[in-house]
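A quick write-up on the structure given underneath.
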Amino acid sequence: MNTPNHAVGAIVAGVDSTEASLRAVRWAANTAAKHHLPLQLVHAAGFPDLYVGTTVPPPESFMEELRRQSWETLRAARDIARQAGDAGDIDIHTRFETDPPIPFLLRASSEAAMIVLGSSGRTGLTGALVGSTTLALVAHAGCPVVSVRSDYAEVATDDRRPVVVGIDGSPTSERAIGYAFDEASFRGVELVAVHTWSDTDTDVFSEARMYFDWEPMREVEQRRLAERLAGWQEKYPDVPVRRVIEKDKPRHELLEWSRRAQLLVVGSRGRGGFTGMLLGSTSQALIHHAECPVMIARSERAGE
């Protein structure tokens, strides 16, 4: 039986002073309102214990200035969250941490509904939330991680664009399907389920390809995709579903759909990268180039 995916805990947004981060805060506030969940804004500063290359700790005046700047950043983020179009009366909490962002956000992910980070798009994640932070969270977080680019096309109110989920036919995409249905239900929009393959695919959907030409194989793919979605459609009868099956590379099709979606959901196996259709360059392409926020869902939550 499909496991529940209803979000619990707070939506946690990592905050710094970049435009990408502040746009992520706005997206997180609107999403918290839709889910009727609290929003926690976190700035994890990673204060240095020592000056680099010395054994001398920084002076207290230096530490105090960093604290002041951190709280100013959090206050600005809180103001933006309160002004978000759909935010309403959500509970907003701010939290300043001297720990580095990776260990703190990983701990927070064990109880969070999702972690939301700002992304600069082409050059990786910005500010305190850069490179290895994102990779660590994608690989080990106990909740979905959402990357929000600074240049995605926001819709002020009543966004009717669909939620899009990438499905590769493997068990690791099952959790992504559940989160995608959940998001589509709360947003009151259509879910677009996208499965693609190419002649070089060797994943679970391709076992019988050597025996069939294009049309019969397409029918096989359609049937298997329908089987993947059936249980979820019973659980979420309010969500209209469009099935998209294309003979193409997944990055091409998903990036194309990201231009028309309000959220793209994909799965991650959790240990060092993506699996199935989301290998290497595809995962990088989605995080850096998708024109809507990208939710990366682990195959299982910590402790499950």
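Suppose we keep only residues that are modelled with pLDDT of 60 or more and buried (at least 19 other Cβ atoms within 10 Å of the Cβ) within segment 270-286. Which one would you say is farthest from Pro144 (Cα to Cα)?
Going through the qualifying residues, I end up with Thr282.
Within segment 226-240, how many residues turn out to be over 14 Å from Ala180 (Cβ atoms) and part of a helix (DSSP H, G or I)?
Qualifying residue count, segment 226-240: 4.
Need a quick list: helices (runs of 4 or more DSSP H) entirely within segment 57-167 having at least 2 residues that are modelled with pLDDT of 80 or more and more than 13 Å from the chain's Cα centre (by Cα).
60-83, 101-109
Check Ala20, Ala29 and return the single one that is closer than 24 Å to Leu106 by Cα, part of a helix (DSSP H, G or I), at pLDDT below 90 and touching a Lys or Arg at 6+ places or on another chain (Cβ under 8 Å).
Only one candidate qualifies: Ala20.
Being of a type in the set (A, V, I, L, M) and either modelled with pLDDT of 95 or more or crowded, with 20+ Cβ neighbours inside 10 Å (or both) is the requirement here; does Ala180 meet it?
yes
Are any residues in segment 242-265 in a strand (DSSP E or B), modelled with pLDDT of 90 or more and surrounded by 19 or more Cβ atoms within 10 Å (Cβ to Cβ), and if so, which ones?
Passing the criteria: Leu263, Leu264, Val265.
Starting from segment 182-203, take each residue that is part of a strand (DSSP E or B) and list its partners that are surrounded by fewer than 23 Cβ atoms within 10 Å (Cβ to Cβ) and modelled with pLDDT under 60, counting only C-beta distances under 7 angstrom and pairs at least six apart or across chains.
Close Cβ pairs (under 7 Å, with a partner that is surrounded by fewer than 23 Cβ atoms within 10 Å (Cβ to Cβ) and modelled with pLDDT under 60) amount to Trp197/Ser206.
The values are calculated or read from the model by the stated rules, or taken from the named source; none is laboratory data. Since we're looking at a predicted model, the values are computed, not measured. Because the Cβ atoms are built from the backbone with ideal geometry, glycine has one as well, and the counts that use them run over all protein chains shown.
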